[in-house]
Structures are given as structure tokens and as C-alpha cells.
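Reviewing the structure listed below.
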Amino acid sequence: MAKGQKAALDAAKYRRFYEQMVHIREFEEECLRAFQRGGHGIGGYLHLYSGEEAIAVGIIGALDLSAGDCLIGHYRDHAYALAVGSPPGPVMAEICGKYDGCSKGKGGSMHICDAERGFYGGYGIVGGNVPIALGLGWALKYRQQAGVAVCFFGDGSMNQGAFHETLNMAQLYKVPVLFVLENNGYAMGTSIERSHANTDLTDRVSSYNMNRKKIDGQNIVTVYEEVSKIVADMKANPAPFFLECDTYRFHGHGAADEAKQTVVYRTKAEIEAAKANRDPIAIAAEILLEAGVITDDDIVRIHEEAVVEAKAAMKFSDDSPVPPADELLKDVYA
Amino acid sequence: MAKLRYIDALALALREEMRRDPNVFLVGEEVGQYQGTLELSKGFLEEFGKTRVVDTPISEVGIIGLGIGAAMAGLRPVCEMMRMDFATPAYDQIVQHAAKIRYMFGGQFQVPMVIRGPSGVGLQLSAQHSQAIEVLFAHIPGLKVVVPATPADAKGLLLTAIRDNNPVMVLESLRMYFMKPDDLEAIQPGLSEVPDDPDFSVPLGQANVLREGKDVTIVAYSWMVIQALKAANELAKEGISAEVIDLRTLLPLDMNTVLASIKKTHRAVVVQEQWPLYGCAAEISAQIGERAFYDLDSPVMRVTGAFVPMPYAKNLENLAFPTEVDIIAAAKRTLGGK
């Protein structure tokens, strides 16, 4: 669906999607500010989702998590938790290494999860989560449950052998996994032109005879409507599907290379142009205003609420204790 | 009690668990239509169907990943590596994912899976199919490592491993697979006996004193247990009484049984097929040094494989892994011999 296209949209649903996108954006920006000012316990890696919000929100919005649909992510994973409805406080507390974090502070930013809501977690090895998604889908098939397992990964994952073993097996067994490529053009600091012999990444999977499609990942209406159809088809006729979402990340690969990115692998002008023309929140606002789903006042109010929520999440984290020493050796074995 | 071959004991445990628990399934290369490369899963496809006996492409990463995801979702996969050597392409899935998922998600998920297959040196299989790599897994928190030496333990430990709620590596001894019960009985009576109880299981982390003795403790596992028993038989002819301990599992590691034995014998020989440096024998020797130094009458001896990729030529291969001759020599050295 193109910008400016009039459509009858489910107002309540899209208002919620818009709110989620704005809340995720503010959450991520709060993380970045906290990382930069220090003092909140954030160390190590912090990979932010800003610019890609329509993908997590639109896809997870098309799932029925209470009926067995599930998802698995990679290390840029805060948004998946927020989109499945995890309370922001424990997500922030995890990022800050606090005991009230969703993984008790043992996983950090890259290992957010929510077992109760079907989010099987974020993983730090590029491509490493993809074979596990095969197993999540396998369990659905094994139990003859009509669900789908969604696997989020980036363009870098497609150059790992694990990815290709998984796609072959998924198609061979007709396992209901929706493989979602979040193609933001860069695997860390390496552009797809410098890392893929064929930069048409949807074409790259054609050898697996898998159903596949490339969509605009910046348009929430497109993402939600396309994925709703795909998921319905997958449930009617179980088989995997490869979905490429064209997107852009507004920040560096991680918060630590925020300053370096424009020096070594992409220009400030490119980032500014993407922010001006490809911001999924601005695109959503334009479509939803035109469709009468939200008003200018709503936009202001939603943004203010998101700021308050992000600050409350940080306050929750700041108030949470660090994990007690006796947690060190717990959880290694069941 | 039935007298079984090791491979039949393994197959029995797997079949019984698949019959008992519909969440258990077998996945691996050639496990179904081909009946298993060593025919361990003969008849399984017919009995359980292709959803529970899953033939895969030669894609170890995919096999282990499928197992991890299915285990997280509540099933109990048994992933067969045609040979445990082929776990190395999937090392990322095993070490970075299976082993760590429970911890790094604060206990929200568990990964009740078994990764099993034949392992160990010998049979002129050459460098890439003849090695003992258990230490690569025994080093990793979050995994359990099981190394059965006898038919009874093959059944009892595999059954326990399948019921365990953690990722368990079961490294089976290829050289033991087809050992005839009579040949095992000739080494030590009872060695091929497997209890008839279908629920017979062996707990993980409990070493077994397979032969009692008073002069020297020989600590071994897997195929080396057989060598140790042969060595003990020979030593007995010379009036030396050797106690043989089968570790059964490397992670968890039962040092208490080892230390109690050393309190009695005051001497120790630790045997492994592995390469010597940083191996399981090194760990066990170090723990003996830390915890039983004053019980020792002589230095702890290690008997290990040579520090080389396994050669093909039979004469060279024979030099590359330990036999009862090496164990006898080491035992005598602890007793002051040369």
C-alpha cells in the first residue's frame, strides 16, 4: 500500500500499532541516552531498532500468540518483547543488568525473552537463531497445531551456512516457519553490496522452492496486511515462507559505533535522507491521519505518553536491585 | 538378566522411551529408511512413523537447531550424529545455544534434548572419523556429558539422558557397539548383562567401581574401561590388585568415588583415548592432586592418546591410542616399577 492511499482500516488496531511503534521508538531512544550518559548499568552491546518498528509491530500484530503462534529473534530484540506486550520495566531492567529484568539480568540487551507470550528470545550469534526456529515450527507440526513460528533475522544471517541448512529442511518438511528478513542494508558495517554476490536477497532463496515475497518494511499497513494473508495461508496449508522487509536502521549497528558509522561505512546524508523519507512512524502518521484513524492531537498525546512510559521503565530499572551474588550459579541446569 | 550387545542396549533404551513418551523423537541422517548407518534404529520408522523418526539431509546445524527449538517448545528430541565427529559443524548450536539458553534467559526456557552418536578412536577410520572429543563438551557449563562403557550403562544412561531436562551429549563407544556378550563375559563375568526392568536407569554423576582392588586405582571411561579391565586381569596374574573405576559421565563428574578409592589404594592411573593436553585425565589428575595429595604414595599417572590426528596405517594407528599394555606399564610405575 502506498502512502496517501485511502483505505478502510481497523481503527482500534491501527491506533494500537501506532502507539506501539512510538513507544518502541521512545524506549530505544531512552536506552541510547542512558548508554551515553552512563550510570544505569548498561554496558557491552546495545543494538537499537529505531527505523525498523513497522516490521516487529506489523508482523507480531498479525499473530495469535495465545493460540500457539510464536517468535524468535536476534540481538536487536527489544522491540519484539515490547510488541508481544512484555511490560517495558522488566525489559529495561534486563538491558541494565538488574534483577527484575526479564532474564534476571543474566542475558542483557541481546537476550530479552518472554516465554509466557511466546517470544523465544533474542540470540547474539548472527544466523544462530534461524535453525532453532525450525524446531519451534517443528513442534507445531509435530503436535498438529495450526500455528506459525516467526523467525526474525538480518541480511548478515543469510551468509551463514546455518541459514541455508534451515531453509532447505523447512521446505523439505513443510514446517510452518515465517522467515522474516529485516534487510536494513548493512550487516554491522558491511553493506549488502560488499557481502552478497546476489543483492536481490529474495532471489537468493529461490533455490529452495519456498514461497517468498519482498515488501516495504517501512509501511505498517503493508506489513500487517501482507503478513495477515501470509499467516492465514500458512495455517491453511502448512509450509514455510520467506518474507523480505526492506528497511533501514537509524542508528549504528550498536550504540558503541554511533559516532563511527558515518566515518567508516555510510554517510550522514544517507541516514538523514532515510529519517526524512523512510521513517515508519512518520509514514504511519500520514496514512492514519488521512484514513481518519488518528488525529494530530492523538499524535502529540501518544508521543507524550511514550516518553513518560520510557522514563518510567528506566525508573523501574533504576529502582531494581542488581542480581544477588547467589544468582551467579543458578539456572545453569534444570 | 539379558546378555546384550552395546548397540542393542542403546536401541532398547531409545525404543522404550519412544514407546513410553510421545514427546520423544529421533532425528538424524539415515536414521529412518536406511535404518541407521549402524542399524541402531532398525525397525523404528516402521514402528513410529516419519514424524518421530526423521530422516534429514547432511545438515548437522539444522539437525541440532531443530532439536533445540523443539525442546524449548516442550518436545524431547534425540538428535543422532552419524558419528560424534560430525557434531563439530554444529558446535555453535551446541555450545552457543543449547548449553546457554537456560542461563542467559534467567531460567525461562529449558532444553531437554539428547545429542548422541558413536565416538572414539580406532578401526582405521582415519583422522576425521576417529577421535575422542568429549572434552570439547565437558568444558561447557550447561551441557551434560555421558560416556557409557557397558551394555547396561548404555541402556541405563541413555534412558536417564532422554528423561533429563538439560541438553545431554551421549558419546557412545563405536568399538563397543558390536562386542559380543561372550567376549565381554570373558573379560569380566556380568559385563554384558542388562537388567530386564524396562525402567532400569543409571543416574548421571555416579561413577561405578567395576572391579575392586587395593594396590592401584585405574580411572577410565568408555572403551578405555575395557582396556583397564584387561590390564587389571593381567596385573592380577603378577599379584597386583587394581581397582577399576568407570566414570560413566564426565559432566557431572563423580570425584568422590575416585577419591574414596585412592584413600584405599594410594595410587592412581587415569586413562583416556583423547589427546593428552588439557584433557579429561588432566582435570581428574589435578583434582586428585588438590583433594587427595596426602593419600598418594606416588604421582598420578596419565595414559592418553598420542598428540596427532589419527593416522590411517594400522601400525601407526596402534601406536596412537592407549591399550592395556600402556595401562599395565603406568600402574607398575605407580608401584615403583619402571
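The values are calculated or read from the model by the stated rules, or taken from the named source; none is laboratory data. Source: prediction; values computed, not measured. So basically every Cβ, Gly included, is an ideal-geometry build from the backbone, and we count neighbours across all protein chains shown. The protein model used for the area step is the full one, side chains on, heavy atoms only, and it has no ligands, DNA or RNA in it. Shrake-Rupley method; radii C 1.70, N 1.55, O 1.52, S 1.80 Å.
Of note:
- Filtered by the rule that a residue be among the hydrophobic types (A, V, I, L, M, F, W, C) and open to solvent by less than 50 Å² (accessible area, probe 1.4 Å), segment B:199-222 gives B:PHE200, B:VAL202, B:LEU204, B:ALA207, B:LEU210, B:VAL216, B:ILE218, B:VAL219, B:ALA220.
- Qualifying position, being over 20 Å from the mean Cα position of the chain (by Cα) and among the hydrophobic types (A, V, I, L, M, F, W, C), among B:MET81, B:MET1: B:MET1
- Residue in segment B:17-31 that is within 24 Å of B:ASP183 (Cβ to Cβ) and open to solvent by less than 10 Å² (accessible area, probe 1.4 Å) present: no
- Once segment A:184-212 is narrowed to residues that are in contact with a Ser or Thr (Cβ under 7 Å, 6 or more places away or on another chain) and in contact (Cβ under 8 Å) with a residue 24 or more places away in the chain, the residue that is farthest from A:GLN145 (Cα to Cα) is A:ILE192.
- Matching option when the condition is under 30 Å from B:LEU251 (Cα atoms) and crowded, with 16+ Cβ neighbours inside 10 Å, among A:ASP331, A:ASP279, A:ASP326: A:ASP331
- When each of B:PHE137, B:PHE86, B:PHE105, B:PHE109 is tested for being among the aromatic types (Phe, Trp, Tyr) and in contact with a Lys or Arg (Cβ under 7 Å, 6 or more places away or on another chain), the lone residue that passes is B:PHE109.
- Set B:PRO118, B:PRO151, B:PRO141: member being touching a residue at least 24 places away in the same chain (Cβ under 8 Å) and either in contact with a Pro (Cβ under 9 Å, 6 or more places away or on another chain) or among the small types (Gly, Ala, Ser) (or both): B:PRO151
- Qualifying residues in segment A:101-127 (those that are more than 8 Å from chain B (Cβ to nearest Cβ) and among the β-branched types (Val, Ile, Thr)) - the one farthest from the chain's Cα centre (by Cα): A:VAL126
- Of the residues making up segment B:90-122, those that are at the interface with chain A (Cβ under 7 Å from one of its Cβ atoms), among the charged types (D, E, K, R) and open to solvent by less than 20 Å² (accessible area, probe 1.4 Å) number 0.
- Members of segment A:235-254 found to be open to solvent by 10 Å² or more (accessible area, probe 1.4 Å) and of a type in the set (A, V, I, L, M), listed by number: A:ALA236, A:ALA239
- Candidate set from segment B:123-138 (those that are of a type in the set (S, T, N, Q) and more than 13 Å from B:LEU174 (Cβ to Cβ)); member that is surrounded by the most Cβ atoms within 10 Å (Cβ to Cβ): B:SER126
- Of the candidates A:TYR49, A:TYR45, the single residue that is part of a loop (DSSP other than H, G, I, E, B), aromatic (Phe, Trp, Tyr) and open to solvent by 20 Å² or more (accessible area, probe 1.4 Å) is A:TYR45.
- Qualifying position, being within 30 Å of A:MET110 (Cα to Cα), basic (Lys, Arg) and touching a residue at least 12 places away in the same chain (Cβ under 8 Å), among B:ARG83, B:ARG102: B:ARG102
- Filtered by the rule that a residue be closer than 27 Å to B:LEU143 by Cα and in contact (Cβ under 8 Å) with a residue 40 or more places away in the chain, segment B:232-255 gives B:ASP246, B:LEU247, B:ARG248, B:THR249, B:LEU250, B:LEU251, B:PRO252, B:LEU253, B:ASP254.
- Taken over segment B:62-89, the criterion of being more than 7 Å from chain A (Cβ to nearest Cβ) and either open to solvent by 20 Å² or more (accessible area, probe 1.4 Å) or charged (D, E, K, R) (or both) is satisfied by B:ARG76, B:GLU80, B:MET82, B:ARG83, B:ASP85, B:PHE86, B:THR88, B:PRO89.
- Top-ranked residue in segment B:163-198 [being more than 14 Å from every other protein chain (Cβ to nearest Cβ), more than 23 Å from B:MET1 (Cα to Cα) and open to solvent by less than 10 Å² (accessible area, probe 1.4 Å); ranked as nearest to the chain's Cα centre (by Cα)]: B:LEU171
- Extreme residue, surrounded by the most Cβ atoms within 10 Å (Cβ to Cβ), among residues of segment A:128-159 that are more than 9 Å from chain B (Cβ to nearest Cβ) and touching a Gly at 6+ places or on another chain (Cβ under 6 Å): A:PHE152
- Here B:ALA286 fits the description: surrounded by fewer than 16 Cβ atoms within 10 Å (Cβ to Cβ), outside the structural domain of B:LEU157 (by the TED database) and without any contact (Cβ under 8 Å) to a residue 40 or more places away in the chain.
- Residue in segment A:302-334 that is farthest from the other protein chains (Cβ to nearest Cβ), counting only those that are in a helix (DSSP H, G or I) and farther than 24 Å from A:ALA81 by Cβ: A:ALA325
- Sole residue being within 21 Å of B:LEU204 (Cα to Cα) and loosely packed, with under 15 Cβ neighbours inside 10 Å, chosen from B:ASN256, B:ASN318: B:ASN256
- Any hit, segment B:294-314, residues being touching a Leu at 6+ places or on another chain (Cβ under 6 Å), open to solvent by less than 40 Å² (accessible area, probe 1.4 Å) and part of a helix (DSSP H, G or I): no
- Every residue from segment A:77-100 that is outside any helix (DSSP H, G or I), over 28 Å from A:ARG143 (Cα atoms) and open to solvent by 10 Å² or more (accessible area, probe 1.4 Å): A:PRO87, A:GLY97, A:LYS98, A:TYR99, A:ASP100
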